[in-house]
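Note sheet for the following structure.
None of the figures in this text is laboratory data; all of them are computed from the coordinates on show. If you're wondering where the values come from, they're calculated on a predicted model, not measured in any experiment. Here the Cβ is made from the backbone with ideal geometry for all residues, glycine too, and neighbour counts use every protein chain on show.
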Amino acid sequence: MLHCGRRNLTSSPPIPSLHPNGLLRLRKTRTPRASIQASNNPPQRAWPEPRRQWRWRRSSGDAVQDPPLVESGVPGAGTDKKSFWAAVSLIIGTAVGPGMLALPSATIRSGPLPSTVAILISWAYVVSSIVLVAELSFAAMEGRGVDEVSFTGLASSTLGATFGGLVAVVYAALSFSLIVACVAGIGSLVSQLFPALNPILGNALFPCFAAVLIAFFPFKAVDAVNRLLCGLMLVSITALVVTGVSVGRSSMLSSLGHACWSPSAILPAIPVTVLTLGFHVITPFICKIVGDSVYDARRAILIGGAVPLLMVLSWNAVILGLAGVTGSARFDDPIKLLLSVNPAALAAVRGFAFAALATSLIGYAVSFPKQLADTLELILKRFSPNPKRASVQSSDPGGALGRNGVILTWTVLIIPIFIVSFFSTAFAKALDFAGVYANCFLFGILPPVMAWIYRSRKRKRSPDLHEDILPGGNAALFILFIVAVVLAFWH
């Protein structure tokens with residue numbers, strides 16, 4: 001009777017019995033069935049598992065290795081920053097720059113229809129290259145068990161530490177140049193609105209606001225400000241398009257009759273469009289916040305990249321239609337052309353330019369500290385007597401900005417203020433040079449090369465694995481590489 005009651009217990013202590021020599025002896029009891037079942041079914045975790053594991057779709061013969069779990073219930077953990085739509089809004093804000101307004105000056109020779117085809121081809125090329133960077137980023141995060149990587153880390157893991165160091169320096173210089181360009185553009189707009197304001201103060205207002213926001217507030221606050229600016233940008237470009245359509249509605253259809261399919265008329269628009277629609281710089285950070293799968297990243301890239309594409313196509317069609325109305329077969333400034341038919345559009349132009357620059361600055365500022373930290377760490381490991389101790393962490397284990405991250409964020413936003421205020425002329429020339437050649441090298445040539453190296457190693461480890469995030473296999477990589485080389489020489 002006693003034995004039957006003990007069977008339902010999860011565990012049973014040993015029962016003491018008297019040994020013949022008078023000593024107590026512990027007699028082992030049979031392990032209860034409930035205890036065996038409990039050992040086979042471990043207790044549930046105290047925290048919820050991630051929504052989806054970081055892993056690749058593999059064939060049936062491949063084993064799936066799950067990465068370490070992240071305690072998403074812990075305040076400040078990396079998964080607290082996961083937001084698909086935050087990634088989409090960051091893509092929209094960074095991809096659209098004020099340079100988009102000047103794009104029609106490069107497409108006027110070819111006409112609306114040929115330039116539309118050229119823009120669509122350029123967009124497909126840019127998105128394909130960015131998807132490759134996302135594929136490499138998720139592979140690196142999965143392999144290292146981290147929640148964020150940088151372009152330096154991707155280059156070092158695929159091309160080696162020596163070549164990775166060169167890429168790190170060029171990438172850091174380009175990213176810093178883009179931040180300086182955004183600070184200069186915002187400072188110029190502030191000075192136009194407030195002529196009596198000190199130029200240095202005008203250059204410092206928004207960068208200091210962004211530095212405080214990124215360094216001391218949660219990412220949700222950064223996302224809220226970025227979405228607000230994206231809304232302003234969409235409203236502004238809609239107002240500009242509506243203004244253009246209201247004036248040139250009758251001639252927009254007739255302008256379709258002008259089409260020049262000559263390569264000399266079409267090709268000049270492709271490099272400008274590639275630079276306008278690209279957002280490679282923030283792609284590793286996008287992979288950090290978008291979700292737990294590379295397919296989430298691909299979906300965000302397609303959705304977020306489609307919005308700037310629609311904006312570029314509509315703006316290009318409207319301006320080319322206005323050129324037919326005013327009889328301006330050639331023009332240098334599309335904004336002046338629009339203001340010549342409706343001066344009231346100036347407010348929308350300024351609103352779009354400010355929102356485009358501000359969102360781009362936020363995108364560069366949240367992604368650049370990790371890149372700069374990895375660059376400094378790579379340099380320290382190369383020249384330090386003790387490379388194992390040479391480490392620069394931009395975030396704490398929970399995913400929030402650590403002390404080094406705060407310092408790096410302020411550094412990359414404060415130094416450009418002084419460069420713009422005192423060395424703007426010399427820096428503009430360097431920016432023109434770096435913006436062309438660094439973009440072609442880093443975001444055109446390197447992604448297909450790194451993807452080919454990574455896929456070759458992956459297939460050597462798993463011969464049955466054939467699925468890639470970007471379809472087309474090595475043929476697609478070869479086409480992207482050739483296009484990047486041609487664009488580099490064309491520049």
**Fill in**
A correct fewest-to-most ranking of 243, 107 by other Cβ atoms within 10 Å would be 243, 107
**Asked** On average, how much area does the Cα convex hull of region 151-243 cover when viewed from any direction, in nm²?
**Response** 9.1 nm²
**Request:** Note down, for region 81-490, the three equivalent ellipsoid semi-axes (square root of 5 times each alpha carbon gyration tensor eigenvalue), biggest first, whole angstrom.
**Result:** 35, 27, 18
**Message:** Within region 81-490, count lysine pairs with alpha carbon atoms under 28 angstrom apart where the residues are 8 or more positions apart or belong to different chains.
**Reply:** 21
**Asked** Sorted by packing (mean other beta-carbon atoms within 10 Å per residue), highest first, where do 232-238, 365-371 land?
**Response** 365-371, 232-238
**Complete:** Cα convex hull volume per residue for region 271-311, in Å³, equals 66 Å³
**Request:** Specify the inter-centroid distance of region 138-165 and region 281-320, based on alpha-carbon positions, in whole Å.
**Result:** 23 Å
**Asked** If you bin every alpha carbon distance in region 102-183 into 5 Å steps from zero, what whole percent lands in each bin?
**Response** 3, 13, 13, 14, 17, 13, 11, 8, 5, 1, 0
**Asked** How do 148-154, 305-311 rank on mean C-beta neighbours within 10 Å, highest first?
**Response** 148-154, 305-311
